[in-house]
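What follows is a set of notes on a single structure, which appears directly below.
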Amino acid sequence: MALEIEKWQDVELNRSYVLWGIGILLLVGALSSSVYTVQAESQGVVLRFGQYIKTVDPGLRFKIPFGIDQVEHLPVRRQLKQEYGFGTPGATNDRQHSSTQEQRQERSMVTGDLNAATVEWIIQYRIAQPKLYLFKVRNPGATLRDISESVMRTVVGDRTVDEVITIGRQEIEAEALKQLQTVVNKYELGLSIDQVQLKNVNPPQPVQPSFNEVNQAQQEREKMINVANGEYNKVVPRASGEAQQKIQAAEGYALKRVNEAEGDVSRFNAVFTEYLKAPEVTKQRIYIETMREVIPKLGKKIILDDKASQILPLLQLNPESARSVR
């Protein structure tokens with residue numbers, strides 16, 4: 001009897017240990033499945049039994065454990081890319097590019113003047129509305145590829161081959177961006193298209209050498225025009241500056257001559273006024289002043305009046321003195 005009681009106690013004790021173990025495991029599982037982290041470049045979409053509940057921002061978050069709440073992480077702050085007509089190896093986005101066979105079909109297009117062209121392009125986009133991105137369209141990445149190809153074929157089909165290959169690239173990019181964003185909004189994909197960029201745009205292979213020659217000739221023409229404009233901008237301003245300098249010098253010389261003439265007139269009028277007051281005195285003063293300016297410029301001179309009969313005692317007979325006697 002005692003042995004049976006002891007066995008029963010051992011069974012009860014083992015059952016307690018098992019229950020405690022199960023409880024601890026459930027607690028650990030609940031804690032581990034109720035905590036999650038949303039990365040800095042992402043947002044989390046919380047689903048409860050598959051139904052949308054809310055969208056949470058980056059950080060440490062909590063949810064109902066045991067699979068009741070599930071979280072979809074979407075990189076809303078990362079710029080995503082899709083390539084058309086070519087593919088970059090090592091892409092992490094499974095919809096970034098298509099297969100090699102599909103790439104050949106994507107880049108083959110017909111222009112508005114019924115010529116063929118090969119067009120490669122990329123689009124860059126972001127997930128703007130996670131709820132729409134997850135629930136409105138079954139496969140938003142594939143849908144975006146189909147929309148982008150349709151829009152690009154429409155835009156290219158409205159233009160000539162020369163516009164597509166040469167002068168109309170920026171206009172095509174802007175128009176494709178506008179139309180693509182309009183269709184994306186209409187389908188409620190929850191995406192924001194940042195950029196549409198044409199990459200390699202070429203004519204068909206048989207006529208590509210001729211187009212290359214035309215492009216080279218156009219580039220040489222633009223180069224010659226730029227060189228000519230540079231020479232024009234260098235020579236014309238310099239000639240204008242020299243002409244302006246000469247005009248200013250002439251105007252300065254004319255002003256100087258006019259001022260000198262006016263000064264001479266004023267001085268003559270002043271002298272004439274004094275002459276009218278005392279003619280003899282004025283004449284004598286003018287004569288003296290004139291001789292005072294002239295005689296120093298003549299060198300060493302001896303002036304004699306008509307009564308001087310002998311000048312030898314007054315001279316030093318040396319060659320220098322003899323040359324100065326007149």
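The values are calculated or read from the model by the stated rules, or taken from the named source; none is laboratory data. Remember, it's a predicted structure, so these values are computed and weren't measured experimentally. Please note: Cβ atoms are built from the backbone with ideal geometry, for glycine as well, and neighbour counts cover all protein chains shown.
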Item to check | Considering residues of the range 163-192 that are in contact with a strand residue (DSSP E or B) (Cβ under 6 Å, 6 or more places away or on another chain) and β-branched (Val, Ile, Thr) only, the residue farthest from Leu114 (Cα to Cα) | outcome: Val184
Next on the checklist: For the range 157-185: of the residues being polar (S, T, N, Q) and closer than 21 Å to Tyr133 by Cβ, which is surrounded by the most Cβ atoms within 10 Å (Cβ to Cβ)?
Outcome noted: Gln179
Checklist entry - Just a yes or no: is a residue in the range 36-53 at pLDDT 70 or above, more than 46 Å from the chain's Cα centre (by Cα), over 30 Å from Asp146 (Cβ atoms) and not in a helix (DSSP H, G or I)? => result yes
Checklist outcome for this item: (1) of a type outside the set (Phe, Trp, Tyr); (2) surrounded by fewer than 10 Cβ atoms within 10 Å (Cβ to Cβ); (3) at pLDDT 65 or above all hold for Ser309 apart from (3)
Checklist entry - Pairs under 7 Å by beta carbon, first residue without any contact (Cβ under 8 Å) to a residue 60 or more places away in the chain in the range 185-198, partner of a type outside the set (D, E, K, R) and part of a strand (DSSP E or B), six or more apart or different chains? => result none
Checklist entry - What number of residues in the range 138-182 are of a type in the set (Val, Ile, Thr) and free of Cβ contacts under 8 Å to residues at least 40 places away in the same chain? => result 6
Next on the checklist: Out of everything in the range 128-156 that is among the basic types (Lys, Arg) and closer than 18 Å to Gln179 by Cβ, what residue ends up being surrounded by the most Cβ atoms within 10 Å (Cβ to Cβ)?
Outcome noted: Arg145
Checklist entry - Which ones in the range 97-116 are out of contact with any Gly (no Cβ under 6 Å at 6 or more places or on another chain), crowded, with 17+ Cβ neighbours inside 10 Å and modelled with pLDDT of 90 or more? => result Met109, Thr111
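Could you pull out every one of the strands (runs of 3 or more DSSP E) wholly within the range 66-130 that has 1 or more residues that are within 30 Å of the chain's Cα centre (by Cα), touching a residue at least 24 places away in the same chain (Cβ under 8 Å) and within 30 Å of Thr160 (Cα to Cα)?
Answer list for the range 66-130: 80-84, 116-127.
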Next on the checklist: Tell me the residue from Leu198, Leu189 that is part of a loop (DSSP other than H, G, I, E, B), touching a helix residue (DSSP H, G or I) at 6+ places or on another chain (Cβ under 8 Å), surrounded by 10 or more Cβ atoms within 10 Å (Cβ to Cβ) and not aromatic (Phe, Trp, Tyr), please.
Outcome noted: Leu189
Checklist entry - For the range 47-65, how many residues meet the condition of being in contact (Cβ under 8 Å) with a residue 24 or more places away in the chain and more than 19 Å from Leu134 (Cα to Cα)? => result 6
Next on the checklist: Yes or no: the range 79-92 includes at least one residue that is at pLDDT below 85, surrounded by 13 or more Cβ atoms within 10 Å (Cβ to Cβ) and within 21 Å of Ser148 (Cα to Cα).
Outcome noted: yes
Next on the checklist: Testing Ala322 on (1) modelled with pLDDT under 80; (2) surrounded by fewer than 10 Cβ atoms within 10 Å (Cβ to Cβ), one condition comes back false. Which one is that?
Outcome noted: (2)
Next on the checklist: Residues that are assigned to a helix (DSSP H, G or I) and in contact (Cβ under 8 Å) with a residue 12 or more places away in the chain: does the range 216-232 have at least one?
Outcome noted: yes
